[in-house]
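Asker: Please see the structure below; I have some questions.
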Amino acid sequence: MVICTAQTNQITSSDLIDPALNEIQNEFLNNQAEALLNQANKVLSNYPPGWPEPEARQSALLLLDGVLHDVYAHSRPPVQDFFKTRISNAIDEIDQAGIIHGARIWKLYNHGFVVRTNSVTIGFDLVSGISSGIEEFSISDEEMSRLINQCDVLFVSHYHSDHAEERIAQSFIDQKKPVVAPASIWRNKSIFAHITHMERVPHSEQELEIQNGQQKLKVVVYPGHQGSDIENNVYLVLTPEGFSFSQMGDQSNNDDFEWIDEVGENHVVDVLMPNCWTSDIARVASGINPALIITGHENEMGHTIDHREPYWLTYQRREGSDRFGGSKHVGYDTPMIPMTWGESYHYERKNLIID
């Protein structure tokens, strides 16, 4: 007698998003993430970035912290959809945005920013999100191409994959758009010869041609570091309209306060985009003295959850924190606007209310 047994498709722990949970529990967390992200998205849409910051925004950003600090958040479909939709919408906005006065600043992934004025569009540390380690989380090549098409130049702070992707830099170069980066990045690759390596000299303005020479930017490349050994360019970019924007990459070195403390004495800085965990952010704010701070690096999904920097720490550091240097009793008064993936803020000096 031959006994036939039906084969069943069994889900093993390796198929589960969180292998410590069963299928029903994983599905519950997927559904919960979808519900919470929908609510956060609704609040953020109703209360866009601004200063003074609407109280509801802080609650929505803290809600994002709760969802995104699930160890497996970047593998959950609702999180992937939330991220990709917001970035796609931002690219649509950049594509359609005509700036007459001031500047609009979009926050993309991690420490990636796009700044557009009437005459120029500047990219800082643009990446796809592949640094998360989950391919399904990252932005597609087609979407990244749409973004690159809108930008005139790319500034890369340092070589870490959550700040720099060779294929993105190569796409800029293929379009004859300059890519500015430290000399320590992609040194042994063919792309190196096509990178613009500007001098790392405190406070010294250099000229950079963009748009095939039709426009020029003034650029200061501050000799920053992540830790003691990693070169990290801190850029101050001055546009033809006279606006100035500084993006700090992963700046975190106490010796560099030698020049950080003097930036505000040498240049007027409109918008500072520091890594939210930079060393002693209160001292950074005092030394650079910007009109506005927009933090970056919150919720980089490739990091462990204890260094997947949350918004609640960004708020605490403004009030005073001894995490990464500084003091619990010393904060900063500079207007600060935290933003999440795909959000933007229209900056005009006359409209920035300081209370």
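The values are calculated or read from the model by the stated rules, or taken from the named source; none is laboratory data. Just so we're clear, the structure is a prediction, and the values are computed from it rather than from any experiment. Don't worry about glycine lacking a Cβ; one is built from the backbone with ideal geometry, like all the others, and counts go over all protein chains shown. Areas reflect the complete protein model, heavy atoms only, side chains present, ligands, DNA and RNA absent. Shrake-Rupley method; radii C 1.70, N 1.55, O 1.52, S 1.80 Å.
Asker: Per the helix-only calculation at 222 nm, which mean residue ellipticity applies to the chain, given -39500 (n - 2.57) for every DSSP H run of n ≥ 4 and division by its residues, nearest 500 deg cm²/dmol?
Answerer: -9000 deg cm²/dmol, from helical runs alone.
Asker: Normalised radius of gyration for region 187-234, please: alpha carbon Rg relative to 2.2 N^0.38 Å, two decimal places.
Answerer: In units of the 2.2 N^0.38 Å rule of thumb, it is 1.35.
Asker: Shifting gears a bit: May I ask what percent, to the nearest 5, of DSSP beta bridges between residues of the chain are antiparallel? Working shown, then result.
Answerer: On the way: 31 of 45 bridges.
The antiparallel proportion sits near 70 percent.
Asker: Where only protein heavy atoms count, and the probe is 1.4 Å, what is the accessible area per residue for the chain in Å²?
Answerer: Computed with neighbouring chains in place, this is 45 Å² per residue.
Asker: Run the paramagnetic zone check for Glu319: 7 angstrom along Cα to Cβ, then residues of region 272-301 with backbone nitrogen under 17 Å.
Answerer: Hits in region 272-301 for Glu319 at 17 Å: 281-282.
Asker: A further question follows. Using per-residue counts of other Cβ atoms within 10 Å, averaged over each peptide, order 146-159, 169-182 from highest down. Can you show the working numbers first?
Answerer: Details: 146-159: 21.4, 169-182: 18.6.
With the highest mean Cβ count within 10 Å placed first, the list reads 146-159, 169-182.
Asker: Ignoring ligands, DNA and RNA, what percent of the accessible area of the chain is carbon or sulfur (1.4 Å)? Let's see the in-between values first.
Answerer: Numbers: 7470 of 15990 Å².
With neighbouring chains kept in place, the figure for the chain is 47 percent.
Asker: Here's a follow-up. P(r) for region 229-296, please, calculated from all Cα pair distances in 5 Å bins and given in %.
Answerer: 4, 18, 32, 28, 13, 5, 1, 0
Asker: Continuing with this model, one more query. I'd like the Kirkwood hydrodynamic radius of the chain, using the inverse of the mean 1/r over distinct C-alpha pairs, in Å.
Answerer: That comes to 21.1 Å for the chain.
Asker: Averaging over every viewing direction, what projected area does the convex hull of the Cα atoms of region 95-136 cover, in nm²?
Answerer: 3.5
Asker: Starting from 0.36 nm per residue, how many nanometres of slack lie between Lys176 and Glu207 once their C-alpha separation is accounted for?
Answerer: Gain in length upon complete extension: 9.5 nm.
Asker: Additional query: Seen from all sides and averaged, what is the projected area of the convex hull of the Cα atoms in region 62-101, in nm²?
Answerer: Its average projected convex-hull area is 3.9 nm².
Asker: Over the Cα atoms of region 245-355, what radius of gyration and what Dmax do you get, in Å?
Answerer: 13.6, 41
Asker: Could you pull the Rg and Dmax for region 1-148, using just the Cα atoms, both in Å?
Answerer: Every Cα atom of region 1-148 included, Rg and Dmax give 20.1, 85 Å.
Asker: Treating the Cα atoms of region 293-355 as identical point scatterers in vacuum, please give the log10 of the normalised Debye intensity I(q)/I(0) at q = 0.16, 0.24, 0.28, 0.29 Å⁻¹, two decimals.
Answerer: -0.64, -1.11, -1.24, -1.27
Asker: On to the next question. Take the Cβ-Cβ distance between Arg187 and Asp81 as r, set R0 to 30 Å, and report the resulting FRET efficiency rounded to the nearest 0.05.
Answerer: About 0.20, to the nearest 0.05.
Asker: Now, a different point. Give me the base-10 log of I(q)/I(0) for region 168-291 at each q in 0.15, 0.20 Å⁻¹, Debye formula, one uniform scatterer per Cα, rounded to two decimals.
Answerer: For region 168-291, the Cα-only Debye profile gives -0.71, -1.17.
Asker: Convert each backbone phi in region 136-143 into a coupling constant with the Karplus relation 6.51 cos²θ - 1.76 cosθ + 1.60 (shift: θ = phi - 60°), then list the ³J(HN,Hα) values in order as whole Hz, x for Gly and Pro.
Answerer: 5, 7, 6, 6, 5, 4, 5, 5
Asker: If I model a spin label as a point 7 Å beyond the Cα along the Cα-Cβ vector, how far apart are those points for Ser161 and Val330 in nm?
Answerer: It is 3.8 nm.
Asker: When the chain is fully extended, how far beyond the present Cα-Cα distance does Lys218 get from Phe28, taking 0.36 nm per residue of separation?
Answerer: Full-extension gain reported as 63.2 nm.
Asker: Separate question: For the peptides 184-190, 339-345, 243-249, 257-263, what is the packing order when you average, over each peptide's residues, the other Cβ atoms within 10 Å and list the highest mean first?
Answerer: Values: 184-190: 13.3, 339-345: 21.7, 243-249: 25.4, 257-263: 17.1.
Most protected by this proxy first, the peptides run 243-249, 339-345, 257-263, 184-190.
Asker: Between their Cα atoms, which of Lys42/Lys84; Lys84/Lys107; Lys107/Lys350; Lys177/Lys216 are more than 19 Å away from each other?
Answerer: Over 19 Å apart, Cα to Cα: Lys107/Lys350.
Asker: Please give the length that would be gained between Arg349 and Arg146 if that part of the chain were fully extended, namely 0.36 nm times their separation in residues minus their C-alpha to C-alpha distance (nm, one decimal).
Answerer: Gain in length upon complete extension: 70.1 nm.
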